[in-house]
Structures are given as structure tokens and as C-alpha cells.
Amino acid sequence: MIKKEEVYKIGLFNKPHGIHGELQFTFTDDIFDRVDCDYLVCLLDGIFVPFFIEEYRFRSDSTALVKLEGVDTAERARTFTNVEVYFPVKYAEEAGDGELSWNFFVGFRMEDTRHGLLGEVVEVDTATVNTLFVVEKDGEELLVPAQEEFIVGIDQRRELITVELPEGLLNLEDLDADDTDCPV
């Protein structure tokens with residue numbers, strides 16, 4: 001049985017393409033094209049299920065058409081509509097430096113050299129030009145820039161990202177100032 005910590009999300013199957021079982025795949029990470037792994041993992045009814053890739057071809061820098069082994073008809077392909085697609089962490093770890101996408105780090109803990117543990121990376125926000133790690137700390141979200149210059153180290157085995165953030169980027173210091181001290 002595949003566990004959640006053994007995979008990370010790389011995209012979504014959108015809809016069937018044609019009549020021979022091809023699927024339109026929107027991805028946030030093209031790791032499946034960069035490392036030697038011949039399967040993808042789909043989340044079906046809460047269970048992670050591996051499917052071997054028969055073939056794929058890119059349509060753009062974020063979409064591909066994928067043919068899975070055993071999915072040979074449009075009807076069968078339709079059962080994969082809006083199914084989340086994951087990639088095995090063990091293969092992603094074999095990628096060289098600079099080959100991992102930011103999404104690989106969802107689930108990692110993040111610590112700052114001055115402030116200690118910041119929390120867990122729960123999402124990567126790529127909606128703007130500046131990619132952000134969404135870090136959950138004590139039920140609140142911190143937005144941390146995903147900038148290589150801030151990253152001091154990454155320990156994949158311990159799933160830990162160590163950052164050194166510029167002073168004042170995050171308001172983590174416990175300020176004992178009254179609201180009345182703030183200018184209005």
C-alpha cells in the first residue's frame with residue numbers, strides 16, 4: 001500500500017482525449033519526464049494506486065496527453081476525470097540539484113536560522129510571479145518566499161528546509177506593544 005508520505009502531488013487528469021484512452025494531464029512538475037520512473041500514482045477513492053505509463057506527449061509547458069496501461073477506451077479514461085496525480089518521492093530524490101520542483105517540498109518542515117521551527121509547508125502558491133511556500137504554524141499560515149537565496153540547506157531524509165530570512169520579512173517576534181502605540 002502506498003502511503004501519502006511516499007508521494008507528492010504533480011498534477012491532475014482533466015478529461016479524456018480521443019477514443020483510445022488518452023488523458024489530458026495538467027501538471028505542476030514535469031519530473032515524470034526527467035527521471036527514470038515508468039508509473040504515476042493516482043488518488044482513487046482515497047487510495048493511492050500506481051498506473052504504468054504507456055506513452056505521453058507534451059502539448060504545452062504545463063499539459064500533456066498521457067496513455068496509461070490498461071486504459072484503452074474513452075469510457076475507461078472518463079473514470080480518471082479530475083483525478084489527482086502523484087509521483088513517488090523515492091524517484092524524485094534521485095533527481096540532481098536544480099531538478100526538483102517547489103511542489104516536492106510540500107510536507108517538509110521549515111525552520112529559520114534565527115526563529116527556529118516555522119511550521120510545515122502545506123502548499124506552494126504559484127499564482128503570482130513570486131512563488132511562495134504556504135507554511136502552517138499553530139493554525140495560521142505564513143507566506144515564505146521560495147527563493148534559493150534564502151535557503152541555507154535542505155535535508156531530504158529528515159524532510160527539513162532551513163532558511164535564513166531577512167530581518168522583518170516575517171513578523172515572528174512577540175511584540176508587547178499596545179494597539180494604542182500604533183499610529184492611526
Exercise. Could you tell me whether Glu55 is in a strand (DSSP E or B) and acidic (Asp, Glu)?
Key: yes
Quiz prompt | Per-region count, the stretch 2-24, residues part of a loop (DSSP other than H, G, I, E, B) and at negative phi | solution = 4
Practice problem: Hey, can you tell me all the residues within the stretch 118-142 that are open to solvent by 30 Å² or more (accessible area, probe 1.4 Å) and closer than 19 Å to Thr28 by Cα? | Solution: Val122, Glu123, Asp125, Thr126, Ala127, Thr128, Val129, Asn130, Leu132
Quiz item: Looking at (1) surrounded by fewer than 12 Cβ atoms within 10 Å (Cβ to Cβ); (2) under 19 Å from the mean Cα position of the chain (by Cα), which is the only condition Ile19 fails?
Solution: (2)
Quiz item: In this structure, is Gly98 open to solvent by 70 Å² or more (accessible area, probe 1.4 Å), modelled with pLDDT under 95, of a type outside the set (Phe, Trp, Tyr) and on the phi > 0 side of the Ramachandran plot?
Solution: yes
Quiz item: Just to be sure, is Arg157 open to solvent by 30 Å² or more (accessible area, probe 1.4 Å), free of Cβ contacts under 8 Å to residues at least 12 places away in the same chain, closer than 20 Å to Lys3 by Cα and not aliphatic (A, V, I, L, M)?
Solution: yes
Quiz prompt | Arg76 being in contact (Cβ under 8 Å) with a residue 24 or more places away in the chain, farther than 26 Å from Lys3 by Cβ and open to solvent by 80 Å² or more (accessible area, probe 1.4 Å) | solution = yes
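What's the total number of residues in the stretch 101-117 that are open to solvent by 40 Å² or more (accessible area, probe 1.4 Å) and farther than 17 Å from Leu170 by Cα?
Here the count works out to 2.
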Quiz item: In this structure, is Phe48 part of a strand (DSSP E or B) and open to solvent by less than 40 Å² (accessible area, probe 1.4 Å)?
Solution: yes
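The values are calculated or read from the model by the stated rules, or taken from the named source; none is laboratory data. What you see is a predicted model; the values in this text were computed from it and never measured. Note: ideal-geometry Cβ built from the backbone for every residue, glycine included; neighbour counts use all protein chains shown. These accessible areas exclude ligands, DNA and RNA; they are computed on the full protein's heavy atoms, side chains included. Shrake-Rupley method; radii C 1.70, N 1.55, O 1.52, S 1.80 Å.
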